[in-house]
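Down below is the structure, laid out as structure tokens.
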Amino acid sequence: DHFFSDPRGLFYMQWNPNAVRIVENFFKHKMLSVMGAASASKSYTLAPLAVGMFLLDPQKTKVLVTSTTVQTAKGKIWGDICYAWDQVCQVYKEMGAAPPGKKMTGDPIIRYEMDGIISHKAGLELVPTQQSSEKQSMEKIQGYKNENVIFIGDEWDTLGHGLINTVNGNLRANPNSRCVAAFNPTGRTSPGGKISKPKAGWESITVDSEEWETDVGYCIRFDALKSPNVHPHILPKEEQWKGLPTAETLKDYELFYGDANSVEYWKMVRGWFPPTGEANSIYSEAELLLTYHVDHPVTTWMEPPTMIAGLDPAYTHGGDASVMVIGRVGLASINGKSIKVCERLQTLFLDKEI
């Protein structure tokens with residue numbers, strides 16, 4: 001509030017209900033995924049949170065902000081972080097003091113500088129993690145060590161699959177560290193889907209679920225149809241909470257994103273996985289996961305299963321990684337019933353340099 005509560009400032013933050021949920025759960029869980037609709041206050045909350053975490057213990061804190069590319073991030077979360085930092089500097093100036101860091105010219109870095117001490121191990125830094133440069137990005141993230149390492153993942157669903165394991169490893173090595181990953185969902189097997197997979201399995205949640213325990217932490221979800229601005233006592237165009245969808249906004253969404261069955265509508269309005277998967281296919285993602293139990297290890301086969309494999313080769317050097325999936329298909333006993341099952345055994349991300 002000291003830094004960001006002035007509506008006339010360079011960066012103004014309103015404590016809307018979504019922002020409160022994000023920040024409260026960030027401090028409760030080391031690994032938090034924030035899944036939801038567009039304009040749910042995800043990035044706009046994470047920007048002052050990133051700056052705030054650095055200010056709490058500047059010399060011992062490194063905040064790594066991940067996004068696809070530097071240019072993309074400058075127009076989104078890193079741009080918000082820069083505005084938030086400029087606001088912090090303005091408040092320090094009014095107090096007659098110097099902030100504990102300096103925004104670097106040209107590089108997406110806010111470096112720790114205080115009392116003559118300069119350190120690249122502390123501060124805020126943008127790390128682009130697009131799939132074509134995933135290997136270099138992972139190596140860079142693994143190399144950061146400090147008492148507090150904070151990962152702020154924006155557009156997590158578009159980042160590389162290896163990011164989850166890399167961040168998890170760094171969190172284990174740094175006890176006071178934590179990660180928050182925000183995204184618009186595209187599929188249960190995407191990076192966002194993987195970090196949000198329920199501990200009790202996908203069958204344990206529904207489109208009405210708003211939060212759940214995951215394999216690696218916790219997930220909270222925002223559905224635009226349940227926006228705090230959409231309420232009987234709030235007028236259709238009234239924006240009680242700055243930036244969050246209103247009843248009027250929802251009508252515009254229907255026109256912009258298409259009908260309620262489109263992939264974009266589910267991703268950007270409902271903040272939920274499209275029922276038909278990412279694209280038309282023989283078997284949808286939902287069928288493979290919920291009907292054929294693709295991610296459930298089989299303990300009892302009713303017949304010898306058939307081994308299967310699928311390879312998605314990289315199209316060009318520097319493009320997506322080559323991925324091979326190995327599995328088996330056959331009749332298995334699931335919850336006392338004999339059903340056809342496709343079990344995924346292993347996913348291999350092949351050498352990205354080939």
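Some notes on this structure:
- Rel. contact order, % - alpha carbon contacts under 8 angstrom, at least six apart, segment 159-309: 18 percent
- Between the beta carbons of THR306 and ASP115, assuming R0 = 45 Å, the FRET efficiency works out to 0.10 to the nearest 0.05.
- In degrees, nearest ten, helix 77-94 long axis to first principal axis of the chain (Cα): 20 degrees
- Charges were assigned to the Cβ only: +1 to each Lys and Arg, -1 to each Asp and Glu. The resulting dipole of the chain about its Cα centre is roughly 680 debye.
- Within segment 89-248, antiparallel bridges make up roughly 75 percent of the DSSP beta bridges whose residues both belong there.
- Charge dipole (the chain, unit charges on Cβ, about Cα centre) - positive-most of LEU345, ALA173, HIS233: ALA173
- FRET efficiency, ALA260 to ARG172 (Cβ-Cβ, R0 45 Å, nearest 0.05): 0.60
- Calculated mean residue ellipticity at 222 nm for the chain: -7500 deg cm²/dmol, from DSSP H runs with n ≥ 4 weighted as -39500 (n - 2.57), summed, divided by the residue count and rounded to 500.
- Cα gyration tensor shape for the chain, rounded if a/c is under 1.5, else prolate or oblate: oblate
- 0 to 90° range, to nearest 10: angle between helix 42-56 axis and the chain longest Cα axis: 50 degrees
- A dipole drawn for the chain from +1 and -1 charges on Cβ atoms has a positive end, and of PRO274, ALA37, CYS219 the residue lying farthest that way is CYS219.
- Label point 7 Å beyond Cα of GLU24 along Cβ direction - residues of segment 195-226 with amide nitrogen under 20 Å: 208-214, 217-226
- Among PHE256, PHE26, PHE183, residue whose mean-square fluctuation peaks in a GNM of the chain (springs only between Cα atoms under 10 Å): PHE256
- Heavy-atom accessible area per residue - the chain, 1.4 Å, Å²: 50 Å²
- Relative contact order (percent, whole number), the chain, Cα cutoff 8 Å, 6+ residue spacing: 16 percent
- Each principal axis of segment 151-193 carries a Cα extent, and these read 31, 15, 13 Å when sorted largest first.
- Beta bridges from DSSP with both residues in segment 1-134: antiparallel share about 60 percent, rounded to the nearest 5.
- Beta bridges per DSSP with both ends in the chain, % antiparallel, nearest 5: 55 percent
The values are calculated or read from the model by the stated rules, or taken from the named source; none is laboratory data. On a predicted model such as this, the values are computed, not experimentally measured, just so you know. With ideal geometry, Cβ positions are generated from the backbone for all residues, glycine too; neighbour counts draw on all protein chains shown. Remember, those area values only see protein heavy atoms, side chains included, never the ligands or the DNA or RNA. Shrake-Rupley method; radii C 1.70, N 1.55, O 1.52, S 1.80 Å.
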